[in-house]
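What follows is a short report on a single structure.
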Amino acid sequence: MSLLAVLLFLAEGLTTGDGLAVLGKGLGAALAVFTGFGTALGQGGVAAKAVEAVGRQPEAVGAIRSTMIVGQAVAETTGIYGFITALVMIFVL
């Protein structure tokens, strides 16, 4: 979600009289979206360690790759939950 979209959303709430509620929803949604940064850092760390492990033990590439993919899938769910939480806060609450 772009900054302009958030500002337009907040401006709409300010004109209807429930500005603080809309401001709270916008800030809460923004914090929920920040979970994507933690996801990106975690997935980058997993990939880096997998590359190091393959460099040390090339014959175990299959097991390392499958473990890495499972770990990244688990980490990605955090970002998805944050995105869904932000959408719910904006459009439902």
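Each value in this text was obtained by applying a stated rule to the coordinates, not by laboratory testing. All of these numbers come straight from a predicted model, not from anything done at the bench. Every residue, glycine among them, receives a Cβ derived from its backbone with ideal geometry; neighbour counts consider all protein chains shown.
Hey, what number do you get for the chain at 222 nm if only DSSP H runs of n ≥ 4 count, each worth -39500 (n - 2.57), divided across all residues, to the nearest 500?
Counting only the DSSP helices, I get -30500 deg cm²/dmol.
Can you give the angle from 0 to 90° between the axis of helix 3-16 and the longest principal axis of the chain, with both taken from C-alpha atoms, to the nearest 10?
30 degrees
When the Karplus curve 6.51 cos²θ - 1.76 cosθ + 1.60 is applied with θ = phi - 60°, which whole-Hz ³J(HN,Hα) does each residue of segment 82-93 get, with x for Gly and Pro?
So the J values, rounded to whole Hz, are x, 5, 5, 4, 5, 5, 5, 5, 6, 9, 10, 6.
Beyond 15 Å, how much of the Cα-Cα pair distribution for segment 41-93 remains, as a whole percent?
56 percent
Please give the direction-averaged projected area of the C-alpha convex hull for the chain, in square nanometres with one decimal.
The directionally averaged projection comes out at 6.5 nm².
Could you tell me how many degrees, from 0 to 90 and to the nearest 10, lie between the Cα long axis of helix 19-33 and the main elongation axis, the longest principal axis, of the Cα atoms of the chain?
Helix 19-33 and the main axis of the chain meet at about 10 degrees.
Along the Cα→Cβ direction, 7 angstrom out, place labels at Val70 and Leu31. What is the inter-label distance in nm?
Each label point is offset 7 Å from its Cα along the Cβ direction, giving 3.4 nm.
Along segment 56-69, what does the Karplus equation 6.51 cos²θ - 1.76 cosθ + 1.60 (θ = phi - 60°) give for ³J(HN,Hα), rounded to whole Hz, x for Gly and Pro?
Couplings: 7, 9, x, 6, 9, 4, x, 5, 5, 5, 5, 5, 5, 5 Hz.
Counting alpha carbon pairs within less than 8 Å and at least 6 residues apart, what relative contact order, in whole percent, applies to the chain?
38 percent
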